1. On the protein heavy atoms, probe 1.4 angstrom, tell me the percent of accessible surface of segment 256-330 carried by carbon and sulfur.
2. So, for segment 462-540, what is the accessible surface per residue at a probe of 1.4 Å, expressed in square angstrom?
3. Probe radius 1.4 Å, ligands and nucleic acids left out: which of Glu468, Glu241, Glu214 has the largest accessible area, and how do the rest follow?
4. If His319, His461 are ordered by their accessible area, calculated over protein heavy atoms with a 1.4 Å probe, which sequence runs from highest to lowest?
5. Using a 1.4 Å probe and ignoring any ligands, DNA or RNA, find the accessible area of Thr348 and quote it in Å² to the nearest 10.
6. For the cross-link pairs Lys256/Lys373; Lys390/Lys427; Lys256/Lys527; Lys256/Lys312; Lys312/Lys390; Lys107/Lys235, which exceed 29 Å when the distance is taken from alpha carbon to alpha carbon?
7. With a 1.4 Å probe and every protein chain left in place, tell me how much accessible area Thr514 has, in Å² to the nearest 10.
8. Around Asp388, under 14 Å between beta carbons, what's the net of Lys plus Arg minus Asp minus Glu among the other residues?
Amino acid sequence: MKPIPNDEDRLWEQHVFREEPEPDFTLQVMKKLDGVSMEREAEGDFFVKKSSKTHWMRRMGVAAAAVVILAGGAWFAWDYKIGSEQPAVNAVNNPPLPNIPVPEELKYSYLADDYKRLKPLGLVVNPNIHIEDQGYTLKIEDVLVDRSQIVVTVQQNAPDGSAIYSVYPEMGRIHITDRQGNSIASLASMGDPIQNGSIYQRFVYQLQDEIPDEVVVRGELGHLNIGSYYNFETKSYEDKEVTVDWSFQFNIDMTKAKSLAVEAPMNNTYTTPEGLKLDMTQLVRTPNGTRLDMNVSLSDQLRANVGEDWEKQMELLYHLEVPETNEYRVFNGIRSNARQAKFRLRDTSQLSLDGQMRLSETWDPAIVTVNAKKIRFVLDGYTIPVRDEKSLEVDLEKMREDAESYTYVLQFEQFGDEILFSDFNYKSLLGSYNASNGDREEYSLVLEGYGSFRNAFNGDHWVAVDQEGKEYPVEVMGFPDQPNTDGEYVADNLKLIVRGYYKGSGTKFTLKRTALINGEYRDVNWKVDLPSFTSLPWQK
(Lines give C-alpha, C1' and ligand atoms only; values in the text may rest on other atoms or scores of the structure.)
Protein backbone atom coordinates (compact mmCIF):
# COMPACT_ATOMS: atom_id res chain seq x y z
CA MET A 1 0.00 0.00 0.00
CA LYS A 2 1.08 3.52 -0.65
CA PRO A 3 1.06 5.31 2.72
CA ILE A 4 -0.78 8.56 3.18
CA PRO A 5 1.88 11.28 3.09
CA ASN A 6 -0.07 14.33 4.14
CA ASP A 7 -3.27 15.82 5.52
CA GLU A 8 -4.70 16.26 2.04
CA ASP A 9 -5.01 12.53 1.54
CA ARG A 10 -6.53 12.16 4.97
CA LEU A 11 -9.24 14.53 3.85
CA TRP A 12 -9.85 12.19 0.90
CA GLU A 13 -10.37 9.33 3.34
CA GLN A 14 -12.86 11.36 5.37
CA HIS A 15 -14.60 12.59 2.24
CA VAL A 16 -15.02 9.14 0.73
CA PHE A 17 -16.80 7.86 3.81
CA ARG A 18 -19.00 10.87 4.44
CA GLU A 19 -20.10 12.34 1.15
CA GLU A 20 -21.25 11.13 -2.24
CA PRO A 21 -19.42 12.35 -5.36
CA GLU A 22 -21.11 14.38 -8.03
CA PRO A 23 -23.47 12.22 -10.15
CA ASP A 24 -21.64 13.00 -13.39
CA PHE A 25 -18.32 12.03 -11.84
CA THR A 26 -19.80 8.79 -10.56
CA LEU A 27 -21.18 8.00 -14.00
CA GLN A 28 -17.78 8.42 -15.62
CA VAL A 29 -16.21 6.23 -12.96
CA MET A 30 -18.79 3.50 -13.48
CA LYS A 31 -17.94 3.46 -17.17
CA LYS A 32 -14.21 3.18 -16.52
CA LEU A 33 -14.52 0.52 -13.80
CA ASP A 34 -17.16 -1.75 -15.24
CA GLY A 35 -16.95 -5.11 -13.53
CA VAL A 36 -15.26 -3.92 -10.34
CA SER A 37 -15.85 -6.34 -7.45
CA MET A 38 -16.36 -4.91 -3.98
CA GLU A 39 -18.07 -7.42 -1.75
CA ARG A 40 -15.86 -7.40 1.32
CA GLU A 41 -16.98 -4.52 3.40
CA ALA A 42 -20.55 -4.37 2.17
CA GLU A 43 -20.84 -7.88 3.60
CA GLY A 44 -18.96 -7.20 6.79
CA ASP A 45 -21.66 -5.39 8.74
CA PHE A 46 -24.00 -7.59 10.73
CA PHE A 47 -26.24 -4.81 11.97
CA VAL A 48 -27.14 -2.71 8.96
CA LYS A 49 -29.85 -3.77 6.55
CA LYS A 50 -28.46 -4.25 3.09
CA SER A 51 -30.93 -2.75 0.69
CA SER A 52 -30.34 0.66 -0.83
CA LYS A 53 -27.53 1.32 1.64
CA THR A 54 -25.37 -1.50 0.35
CA HIS A 55 -25.98 -0.35 -3.22
CA TRP A 56 -24.91 3.15 -2.24
CA MET A 57 -21.79 1.87 -0.52
CA ARG A 58 -20.75 -0.03 -3.63
CA ARG A 59 -21.20 3.09 -5.74
CA MET A 60 -19.06 4.98 -3.28
CA GLY A 61 -16.39 2.31 -3.47
CA VAL A 62 -16.32 2.58 -7.25
CA ALA A 63 -15.98 6.34 -7.02
CA ALA A 64 -13.14 5.94 -4.54
CA ALA A 65 -11.44 3.46 -6.85
CA ALA A 66 -11.52 6.08 -9.58
CA VAL A 67 -9.77 8.51 -7.26
CA VAL A 68 -6.94 5.97 -6.93
CA ILE A 69 -6.67 5.38 -10.67
CA LEU A 70 -7.26 8.88 -11.94
CA ALA A 71 -5.65 10.97 -9.22
CA GLY A 72 -2.76 8.59 -8.62
CA GLY A 73 -2.34 9.17 -4.90
CA ALA A 74 -5.46 8.64 -2.85
CA TRP A 75 -6.70 5.21 -1.83
CA PHE A 76 -9.63 3.46 -0.24
CA ALA A 77 -10.36 0.63 2.14
CA TRP A 78 -12.04 -1.97 -0.06
CA ASP A 79 -9.93 -4.42 -2.00
CA TYR A 80 -10.80 -4.29 -5.68
CA LYS A 81 -9.90 -6.05 -8.91
CA ILE A 82 -9.81 -4.66 -12.41
CA GLY A 83 -10.04 -7.27 -15.13
CA SER A 84 -9.45 -10.99 -14.73
CA GLU A 85 -5.64 -10.87 -14.69
CA GLN A 86 -4.99 -7.74 -12.63
CA PRO A 87 -3.86 -8.41 -9.02
CA ALA A 88 -5.81 -7.07 -6.06
CA VAL A 89 -4.67 -3.79 -4.55
CA ASN A 90 -4.54 -4.10 -0.78
CA ALA A 91 -5.37 -1.24 1.53
CA VAL A 92 -2.75 -2.25 4.10
CA ASN A 93 0.75 -3.67 4.18
CA ASN A 94 -0.20 -7.32 4.66
CA PRO A 95 1.56 -10.29 3.04
CA PRO A 96 -0.43 -11.88 0.21
CA LEU A 97 -2.92 -14.55 1.20
CA PRO A 98 -2.04 -18.16 0.31
CA ASN A 99 -3.47 -19.44 -2.94
CA ILE A 100 -5.55 -22.31 -1.57
CA PRO A 101 -9.01 -23.58 -2.58
CA VAL A 102 -11.91 -22.16 -0.57
CA PRO A 103 -15.00 -24.24 0.30
CA GLU A 104 -18.15 -23.35 -1.60
CA GLU A 105 -19.99 -22.10 1.47
CA LEU A 106 -17.28 -19.48 2.16
CA LYS A 107 -16.19 -18.60 -1.34
CA TYR A 108 -18.38 -15.61 -2.14
CA SER A 109 -17.82 -13.37 0.87
CA TYR A 110 -15.09 -11.85 3.01
CA LEU A 111 -15.05 -15.23 4.80
CA ALA A 112 -12.98 -16.53 1.89
CA ASP A 113 -10.04 -14.38 3.02
CA ASP A 114 -10.65 -15.42 6.62
CA TYR A 115 -10.42 -19.05 5.56
CA LYS A 116 -7.13 -18.43 3.75
CA ARG A 117 -5.66 -16.80 6.86
CA LEU A 118 -6.81 -19.45 9.32
CA LYS A 119 -6.57 -22.73 7.40
CA PRO A 120 -2.74 -22.86 7.18
CA LEU A 121 -2.60 -22.21 10.95
CA GLY A 122 -4.89 -25.13 11.74
CA LEU A 123 -7.71 -22.85 12.87
CA VAL A 124 -10.45 -24.30 10.64
CA VAL A 125 -12.49 -27.11 12.17
CA ASN A 126 -14.80 -29.40 10.20
CA PRO A 127 -17.29 -31.04 12.60
CA ASN A 128 -18.90 -32.76 9.60
CA ILE A 129 -22.45 -32.19 10.81
CA HIS A 130 -24.91 -33.57 8.26
CA ILE A 131 -28.38 -34.26 9.61
CA GLU A 132 -31.45 -35.20 7.59
CA ASP A 133 -34.89 -35.65 9.14
CA GLN A 134 -38.12 -35.87 7.13
CA GLY A 135 -36.21 -34.55 4.15
CA TYR A 136 -35.02 -31.40 5.97
CA THR A 137 -31.23 -31.14 5.95
CA LEU A 138 -28.78 -29.32 8.20
CA LYS A 139 -25.06 -29.07 7.35
CA ILE A 140 -22.24 -27.46 9.33
CA GLU A 141 -18.70 -27.55 7.96
CA ASP A 142 -15.55 -25.44 8.04
CA VAL A 143 -15.97 -23.58 11.33
CA LEU A 144 -13.53 -20.66 11.59
CA VAL A 145 -11.86 -20.36 14.99
CA ASP A 146 -9.53 -17.88 16.63
CA ARG A 147 -9.10 -16.54 20.16
CA SER A 148 -11.66 -13.84 19.52
CA GLN A 149 -14.52 -15.36 17.52
CA ILE A 150 -16.04 -18.62 16.32
CA VAL A 151 -17.76 -18.32 12.94
CA VAL A 152 -20.26 -21.07 12.10
CA THR A 153 -21.63 -21.41 8.57
CA VAL A 154 -24.93 -23.27 8.29
CA GLN A 155 -26.72 -24.74 5.28
CA GLN A 156 -30.40 -25.61 5.62
CA ASN A 157 -32.51 -27.22 2.91
CA ALA A 158 -36.14 -28.25 2.52
CA PRO A 159 -37.04 -31.63 0.97
CA ASP A 160 -37.24 -30.04 -2.49
CA GLY A 161 -33.66 -28.75 -2.13
CA SER A 162 -34.61 -25.10 -1.66
CA ALA A 163 -32.89 -23.02 1.02
CA ILE A 164 -34.64 -22.29 4.30
CA TYR A 165 -33.57 -20.05 7.16
CA SER A 166 -35.13 -21.75 10.15
CA VAL A 167 -32.20 -21.76 12.55
CA TYR A 168 -32.37 -18.00 13.14
CA PRO A 169 -35.47 -18.02 15.40
CA GLU A 170 -33.86 -20.86 17.34
CA MET A 171 -30.52 -19.13 17.95
CA GLY A 172 -31.08 -19.16 21.69
CA ARG A 173 -30.88 -22.95 21.51
CA ILE A 174 -27.37 -23.08 20.10
CA HIS A 175 -24.89 -22.96 22.97
CA ILE A 176 -21.13 -22.51 23.17
CA THR A 177 -20.01 -23.64 26.62
CA ASP A 178 -17.25 -25.19 28.62
CA ARG A 179 -17.44 -28.86 29.63
CA GLN A 180 -19.57 -27.96 32.66
CA GLY A 181 -22.17 -26.22 30.48
CA ASN A 182 -21.25 -22.64 31.40
CA SER A 183 -21.70 -20.19 28.54
CA ILE A 184 -18.39 -18.76 27.28
CA ALA A 185 -19.49 -16.84 24.15
CA SER A 186 -22.03 -14.23 23.04
CA LEU A 187 -23.84 -14.08 19.72
CA ALA A 188 -22.43 -11.22 17.65
CA SER A 189 -24.32 -11.74 14.37
CA MET A 190 -27.89 -12.67 13.64
CA GLY A 191 -27.61 -15.34 11.00
CA ASP A 192 -26.96 -13.19 7.95
CA PRO A 193 -26.98 -14.88 4.56
CA ILE A 194 -23.47 -15.10 3.09
CA GLN A 195 -24.79 -12.96 0.24
CA ASN A 196 -28.17 -12.17 -1.31
CA GLY A 197 -29.81 -15.36 -2.51
CA SER A 198 -27.24 -17.56 -0.77
CA ILE A 199 -28.18 -20.93 0.69
CA TYR A 200 -25.68 -20.39 3.52
CA GLN A 201 -26.01 -18.42 6.74
CA ARG A 202 -23.22 -17.30 9.06
CA PHE A 203 -23.36 -17.02 12.84
CA VAL A 204 -20.58 -15.25 14.72
CA TYR A 205 -19.93 -15.89 18.41
CA GLN A 206 -17.53 -13.70 20.36
CA LEU A 207 -15.59 -15.52 23.04
CA GLN A 208 -15.40 -14.18 26.55
CA ASP A 209 -12.24 -13.05 28.33
CA GLU A 210 -11.58 -16.42 29.95
CA ILE A 211 -12.05 -19.50 27.78
CA PRO A 212 -11.13 -23.14 28.43
CA ASP A 213 -8.83 -25.29 26.32
CA GLU A 214 -11.87 -27.07 24.93
CA VAL A 215 -15.28 -25.63 24.13
CA VAL A 216 -18.53 -27.42 23.37
CA VAL A 217 -20.89 -26.34 20.59
CA ARG A 218 -24.33 -27.81 21.17
CA GLY A 219 -27.52 -27.33 19.20
CA GLU A 220 -30.94 -28.19 20.57
CA LEU A 221 -32.91 -27.64 17.38
CA GLY A 222 -36.28 -29.22 16.83
CA HIS A 223 -39.26 -26.98 16.19
CA LEU A 224 -38.68 -25.16 12.88
CA ASN A 225 -40.61 -22.31 11.35
CA ILE A 226 -40.17 -22.96 7.64
CA GLY A 227 -41.70 -19.63 6.68
CA SER A 228 -44.63 -18.40 4.68
CA TYR A 229 -46.11 -20.53 1.89
CA TYR A 230 -49.24 -20.34 -0.24
CA ASN A 231 -52.06 -22.72 0.71
CA PHE A 232 -54.08 -23.42 -2.43
CA GLU A 233 -56.98 -24.84 -0.42
CA THR A 234 -57.47 -21.77 1.77
CA LYS A 235 -56.07 -19.43 -0.93
CA SER A 236 -53.93 -17.62 1.57
CA TYR A 237 -50.35 -17.43 2.81
CA GLU A 238 -49.64 -19.36 5.99
CA ASP A 239 -46.65 -20.02 8.22
CA LYS A 240 -45.47 -23.60 7.98
CA GLU A 241 -44.00 -25.23 11.05
CA VAL A 242 -42.20 -28.56 11.17
CA THR A 243 -40.88 -30.65 14.05
CA VAL A 244 -37.57 -32.33 13.25
CA ASP A 245 -34.59 -33.51 15.24
CA TRP A 246 -31.62 -31.35 14.29
CA SER A 247 -29.80 -31.77 17.58
CA PHE A 248 -26.00 -31.82 17.35
CA GLN A 249 -22.86 -31.41 19.41
CA PHE A 250 -19.16 -31.07 18.64
CA ASN A 251 -16.07 -30.00 20.56
CA ILE A 252 -13.35 -27.53 19.55
CA ASP A 253 -9.79 -27.66 20.85
CA MET A 254 -8.89 -24.05 21.63
CA THR A 255 -5.26 -24.53 22.68
CA LYS A 256 -3.80 -23.50 19.32
CA ALA A 257 -6.21 -20.58 18.90
CA LYS A 258 -5.24 -19.29 22.34
CA SER A 259 -1.53 -19.67 21.62
CA LEU A 260 -1.85 -17.75 18.35
CA ALA A 261 -3.17 -14.57 19.92
CA VAL A 262 -1.91 -11.55 21.84
CA GLU A 263 -4.03 -10.12 24.64
CA ALA A 264 -3.28 -6.86 26.40
CA PRO A 265 -5.32 -5.45 29.31
CA MET A 266 -6.19 -1.76 29.15
CA ASN A 267 -7.28 0.86 31.64
CA ASN A 268 -8.05 3.98 29.64
CA THR A 269 -11.11 5.98 30.62
CA TYR A 270 -12.72 9.08 29.21
CA THR A 271 -15.97 10.93 29.93
CA THR A 272 -17.43 13.31 27.37
CA PRO A 273 -18.76 16.72 28.43
CA GLU A 274 -22.32 15.37 28.15
CA GLY A 275 -21.61 12.38 30.40
CA LEU A 276 -20.88 9.43 28.10
CA LYS A 277 -18.17 7.33 29.78
CA LEU A 278 -15.88 5.04 27.79
CA ASP A 279 -13.62 2.56 29.55
CA MET A 280 -11.25 0.52 27.37
CA THR A 281 -10.61 -2.89 28.94
CA GLN A 282 -8.46 -4.91 26.52
CA LEU A 283 -7.02 -5.30 23.04
CA VAL A 284 -6.94 -8.74 21.40
CA ARG A 285 -4.87 -9.43 18.28
CA THR A 286 -5.44 -12.61 16.28
CA PRO A 287 -4.41 -13.61 12.75
CA ASN A 288 -7.93 -12.72 11.69
CA GLY A 289 -8.33 -9.25 13.15
CA THR A 290 -7.77 -6.80 15.99
CA ARG A 291 -10.46 -6.49 18.65
CA LEU A 292 -10.95 -3.56 21.01
CA ASP A 293 -13.17 -4.08 24.07
CA MET A 294 -14.66 -1.26 26.11
CA ASN A 295 -17.45 -0.57 28.56
CA VAL A 296 -19.93 2.22 27.88
CA SER A 297 -22.05 3.92 30.53
CA LEU A 298 -23.97 7.17 31.04
CA SER A 299 -24.03 9.77 33.78
CA ASP A 300 -27.33 10.22 35.59
CA GLN A 301 -27.93 13.53 33.84
CA LEU A 302 -27.34 12.10 30.36
CA ARG A 303 -29.35 8.99 31.16
CA ALA A 304 -32.35 11.16 32.02
CA ASN A 305 -32.26 12.73 28.55
CA VAL A 306 -31.76 9.70 26.31
CA GLY A 307 -34.25 7.24 24.88
CA GLU A 308 -35.08 3.94 26.51
CA ASP A 309 -33.11 1.89 23.98
CA TRP A 310 -30.07 4.15 23.77
CA GLU A 311 -27.73 1.16 23.91
CA LYS A 312 -29.08 -0.12 20.58
CA GLN A 313 -28.59 3.18 18.75
CA MET A 314 -25.52 4.77 20.33
CA GLU A 315 -22.62 4.89 17.86
CA LEU A 316 -19.00 5.92 18.28
CA LEU A 317 -17.38 8.03 15.56
CA TYR A 318 -13.65 7.48 15.51
CA HIS A 319 -10.60 6.99 13.36
CA LEU A 320 -7.46 4.90 13.67
CA GLU A 321 -3.92 6.02 12.88
CA VAL A 322 -0.94 3.76 12.25
CA PRO A 323 2.00 6.16 12.71
CA GLU A 324 4.79 4.10 11.12
CA THR A 325 2.91 3.72 7.82
CA ASN A 326 0.72 6.84 8.16
CA GLU A 327 -2.40 4.76 7.61
CA TYR A 328 -5.69 6.44 8.46
CA ARG A 329 -9.05 4.70 8.89
CA VAL A 330 -12.36 6.47 9.52
CA PHE A 331 -15.22 4.61 11.24
CA ASN A 332 -18.46 6.62 11.30
CA GLY A 333 -21.03 4.45 13.00
CA ILE A 334 -24.02 3.07 11.08
CA ARG A 335 -24.35 5.85 8.50
CA SER A 336 -25.13 4.66 5.02
CA ASN A 337 -21.70 5.69 3.75
CA ALA A 338 -19.73 4.64 6.79
CA ARG A 339 -17.02 2.03 7.16
CA GLN A 340 -17.96 -0.70 9.61
CA ALA A 341 -16.01 -2.95 11.91
CA LYS A 342 -15.71 -6.53 10.68
CA PHE A 343 -17.39 -7.98 13.77
CA ARG A 344 -19.32 -5.97 16.35
CA LEU A 345 -20.78 -6.97 19.68
CA ARG A 346 -23.07 -5.08 22.04
CA ASP A 347 -23.43 -7.05 25.24
CA THR A 348 -26.24 -5.53 27.31
CA SER A 349 -26.59 -8.43 29.75
CA GLN A 350 -25.15 -6.37 32.63
CA LEU A 351 -26.81 -3.08 31.74
CA SER A 352 -29.59 -3.40 34.29
CA LEU A 353 -27.11 -4.42 37.01
CA ASP A 354 -24.21 -1.97 36.75
CA GLY A 355 -25.39 0.35 33.96
CA GLN A 356 -22.60 -0.73 31.61
CA MET A 357 -22.82 -2.01 28.06
CA ARG A 358 -19.89 -3.97 26.69
CA LEU A 359 -18.92 -2.83 23.22
CA SER A 360 -16.44 -4.71 21.03
CA GLU A 361 -15.12 -3.71 17.60
CA THR A 362 -13.04 -6.13 15.53
CA TRP A 363 -11.20 -4.70 12.51
CA ASP A 364 -10.48 -6.76 9.41
CA PRO A 365 -6.76 -7.26 8.62
CA ALA A 366 -7.51 -5.90 5.14
CA ILE A 367 -8.53 -2.60 6.78
CA VAL A 368 -6.27 -2.31 9.84
CA THR A 369 -2.90 -4.04 9.75
CA VAL A 370 -2.80 -6.66 12.51
CA ASN A 371 1.00 -6.51 12.77
CA ALA A 372 1.14 -2.73 13.16
CA LYS A 373 3.41 -1.98 16.11
CA LYS A 374 1.34 0.98 17.17
CA ILE A 375 -2.29 1.90 16.54
CA ARG A 376 -3.72 5.16 17.79
CA PHE A 377 -7.45 5.39 18.55
CA VAL A 378 -8.88 8.90 18.13
CA LEU A 379 -12.45 9.62 19.22
CA ASP A 380 -14.13 12.01 16.77
CA GLY A 381 -17.57 12.07 18.39
CA TYR A 382 -20.61 9.97 18.99
CA THR A 383 -24.32 9.82 18.29
CA ILE A 384 -27.02 8.90 20.77
CA PRO A 385 -30.82 9.31 20.80
CA VAL A 386 -31.67 12.21 23.12
CA ARG A 387 -34.81 14.06 24.13
CA ASP A 388 -34.86 17.79 23.64
CA GLU A 389 -37.59 20.44 23.88
CA LYS A 390 -37.53 23.54 21.70
CA SER A 391 -40.14 26.29 21.49
CA LEU A 392 -40.94 29.08 19.05
CA GLU A 393 -43.18 32.09 19.57
CA VAL A 394 -45.61 32.46 16.66
CA ASP A 395 -47.35 35.72 15.79
CA LEU A 396 -49.75 35.06 12.93
CA GLU A 397 -50.71 38.68 12.48
CA LYS A 398 -47.11 39.79 12.09
CA MET A 399 -46.41 36.81 9.87
CA ARG A 400 -49.20 37.85 7.48
CA GLU A 401 -48.19 41.52 7.43
CA ASP A 402 -44.51 40.87 6.87
CA ALA A 403 -45.16 38.16 4.29
CA GLU A 404 -46.83 40.77 2.07
CA SER A 405 -43.61 42.80 2.05
CA TYR A 406 -41.41 39.67 1.73
CA THR A 407 -39.57 40.44 4.95
CA TYR A 408 -40.91 37.78 7.32
CA VAL A 409 -39.12 34.56 8.12
CA LEU A 410 -40.35 32.32 10.92
CA GLN A 411 -37.50 29.96 11.65
CA PHE A 412 -37.38 26.95 13.93
CA GLU A 413 -34.03 25.26 14.68
CA GLN A 414 -33.17 22.23 16.80
CA PHE A 415 -30.10 19.97 16.69
CA GLY A 416 -29.38 20.96 13.11
CA ASP A 417 -33.03 20.58 12.07
CA GLU A 418 -34.47 23.71 10.48
CA ILE A 419 -38.00 24.73 9.46
CA LEU A 420 -38.83 27.94 7.61
CA PHE A 421 -42.53 28.80 7.75
CA SER A 422 -43.67 30.93 4.83
CA ASP A 423 -47.48 30.88 5.00
CA PHE A 424 -50.50 29.77 7.01
CA ASN A 425 -54.17 29.19 6.46
CA TYR A 426 -57.26 27.72 8.04
CA LYS A 427 -58.35 24.59 6.26
CA SER A 428 -61.08 22.04 6.58
CA LEU A 429 -59.73 18.67 7.57
CA LEU A 430 -63.00 16.74 7.54
CA GLY A 431 -64.92 18.23 4.65
CA SER A 432 -66.78 21.39 3.69
CA TYR A 433 -67.57 24.09 6.22
CA ASN A 434 -71.03 23.74 7.77
CA ALA A 435 -72.34 27.32 7.67
CA SER A 436 -75.78 26.42 9.08
CA ASN A 437 -74.50 25.60 12.54
CA GLY A 438 -71.27 27.55 12.41
CA ASP A 439 -69.29 24.41 13.10
CA ARG A 440 -65.64 25.40 13.24
CA GLU A 441 -64.32 22.11 14.61
CA GLU A 442 -63.69 21.00 11.06
CA TYR A 443 -61.22 23.83 10.54
CA SER A 444 -57.70 24.02 11.92
CA LEU A 445 -54.64 26.21 11.49
CA VAL A 446 -52.13 24.90 8.97
CA LEU A 447 -48.58 26.26 8.96
CA GLU A 448 -46.79 25.72 5.66
CA GLY A 449 -43.12 25.85 4.82
CA TYR A 450 -39.87 24.07 4.13
CA GLY A 451 -37.95 21.71 6.40
CA SER A 452 -34.41 20.35 6.41
CA PHE A 453 -33.68 17.70 9.02
CA ARG A 454 -30.47 15.96 9.98
CA ASN A 455 -32.48 13.72 12.29
CA ALA A 456 -35.34 11.46 11.29
CA PHE A 457 -38.51 11.93 13.28
CA ASN A 458 -38.50 9.32 16.02
CA GLY A 459 -41.23 9.75 18.59
CA ASP A 460 -41.53 13.51 18.09
CA HIS A 461 -44.25 15.29 20.02
CA TRP A 462 -45.50 18.69 18.83
CA VAL A 463 -47.94 20.90 20.69
CA ALA A 464 -49.19 24.49 20.43
CA VAL A 465 -50.01 26.49 23.58
CA ASP A 466 -52.14 29.61 23.33
CA GLN A 467 -51.87 32.64 25.60
CA GLU A 468 -54.43 31.17 27.96
CA GLY A 469 -52.37 28.03 28.44
CA LYS A 470 -54.63 25.77 26.38
CA GLU A 471 -52.79 23.07 24.43
CA TYR A 472 -53.55 22.03 20.86
CA PRO A 473 -52.14 18.84 19.33
CA VAL A 474 -49.96 19.35 16.25
CA GLU A 475 -49.71 16.91 13.37
CA VAL A 476 -46.76 16.95 10.95
CA MET A 477 -47.35 16.14 7.28
CA GLY A 478 -44.96 15.98 4.36
CA PHE A 479 -41.96 14.50 6.17
CA PRO A 480 -39.95 12.27 3.77
CA ASP A 481 -39.34 8.59 4.44
CA GLN A 482 -35.75 8.52 3.20
CA PRO A 483 -32.80 10.91 3.43
CA ASN A 484 -31.08 12.39 0.41
CA THR A 485 -27.49 11.61 -0.55
CA ASP A 486 -26.21 14.11 2.03
CA GLY A 487 -28.04 12.26 4.80
CA GLU A 488 -30.62 15.03 5.25
CA TYR A 489 -34.40 14.69 5.23
CA VAL A 490 -35.71 17.53 3.09
CA ALA A 491 -39.40 18.39 3.11
CA ASP A 492 -40.26 20.87 0.36
CA ASN A 493 -43.95 20.94 1.26
CA LEU A 494 -44.05 20.65 5.03
CA LYS A 495 -47.30 21.23 6.90
CA LEU A 496 -47.92 21.54 10.63
CA ILE A 497 -51.61 21.16 11.44
CA VAL A 498 -52.63 22.74 14.75
CA ARG A 499 -55.79 20.78 15.50
CA GLY A 500 -58.74 22.85 16.72
CA TYR A 501 -56.91 26.17 16.51
CA TYR A 502 -59.13 28.63 14.63
CA LYS A 503 -59.37 32.38 14.18
CA GLY A 504 -61.11 32.86 17.47
CA SER A 505 -58.23 31.16 19.29
CA GLY A 506 -56.04 34.22 18.85
CA THR A 507 -53.07 35.16 16.74
CA LYS A 508 -50.24 34.38 19.14
CA PHE A 509 -49.18 31.02 20.53
CA THR A 510 -46.10 28.98 21.43
CA LEU A 511 -45.09 26.05 19.22
CA LYS A 512 -43.20 23.33 21.11
CA ARG A 513 -41.37 20.28 19.81
CA THR A 514 -40.16 17.53 22.11
CA ALA A 515 -37.99 15.31 19.98
CA LEU A 516 -36.15 12.07 20.42
CA ILE A 517 -33.44 12.56 17.84
CA ASN A 518 -30.11 11.00 17.03
CA GLY A 519 -28.01 13.76 18.54
CA GLU A 520 -24.45 14.04 17.25
CA TYR A 521 -21.70 15.32 19.54
CA ARG A 522 -18.25 16.35 18.35
CA ASP A 523 -17.00 18.17 21.46
CA VAL A 524 -14.61 15.38 22.43
CA ASN A 525 -10.86 15.20 23.00
CA TRP A 526 -9.48 11.70 23.48
CA LYS A 527 -6.59 9.86 21.89
CA VAL A 528 -5.29 6.48 23.02
CA ASP A 529 -2.21 4.62 21.84
CA LEU A 530 -3.37 1.00 21.84
CA PRO A 531 -1.04 -1.61 23.37
CA SER A 532 1.93 -2.57 21.21
CA PHE A 533 3.72 -5.95 21.11
CA THR A 534 7.19 -7.44 20.79
CA SER A 535 6.24 -10.30 18.47
CA LEU A 536 3.21 -12.02 16.99
CA PRO A 537 3.02 -15.80 17.52
CA TRP A 538 1.47 -16.60 14.14
CA GLN A 539 4.40 -14.98 12.33
CA LYS A 540 6.99 -17.29 13.86
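The values are calculated or read from the model by the stated rules, or taken from the named source; none is laboratory data. Owing to the predicted nature of the structure, the values given are computational and were not obtained by experimental measurement. Positions of Cβ are backbone-derived with ideal geometry, glycine not excepted, and every protein chain shown enters the neighbour counts. Accessible surface areas use protein heavy atoms only, side chains included; no ligands, DNA or RNA. Shrake-Rupley method; radii C 1.70, N 1.55, O 1.52, S 1.80 Å.
1. Working: 1170 of 2720 Å².
The C+S portion of the solvent-accessible surface of segment 256-330 is 43 percent.
2. Values: 4340 Å² over 79 residues.
The answer is 55 Å² per residue.
3. Details: Glu468 165, Glu241 110, Glu214 50 Å².
Final ranking, largest accessible area leading: Glu468, Glu241, Glu214.
4. Numbers: His319 15, His461 110 Å².
Most to least solvent-accessible, the answer reads His461, His319.
5. Its heavy atoms expose roughly 60 Å² to the probe.
6. Details: Lys256/Lys373 23 Å; Lys390/Lys427 26 Å; Lys256/Lys527 34 Å; Lys256/Lys312 34 Å; Lys312/Lys390 25 Å; Lys107/Lys235 40 Å.
Violating the 29 Å limit, Cα to Cα: Lys256/Lys527; Lys256/Lys312; Lys107/Lys235.
7. 50
8. Numbers: positive: Arg387, Lys390, Arg454, Lys512, Arg513; negative: Glu274, Glu389, Glu413, Asp417, Asp460, Glu520.
With Lys, Arg at +1 and Asp, Glu at -1, the neighbours total -1.
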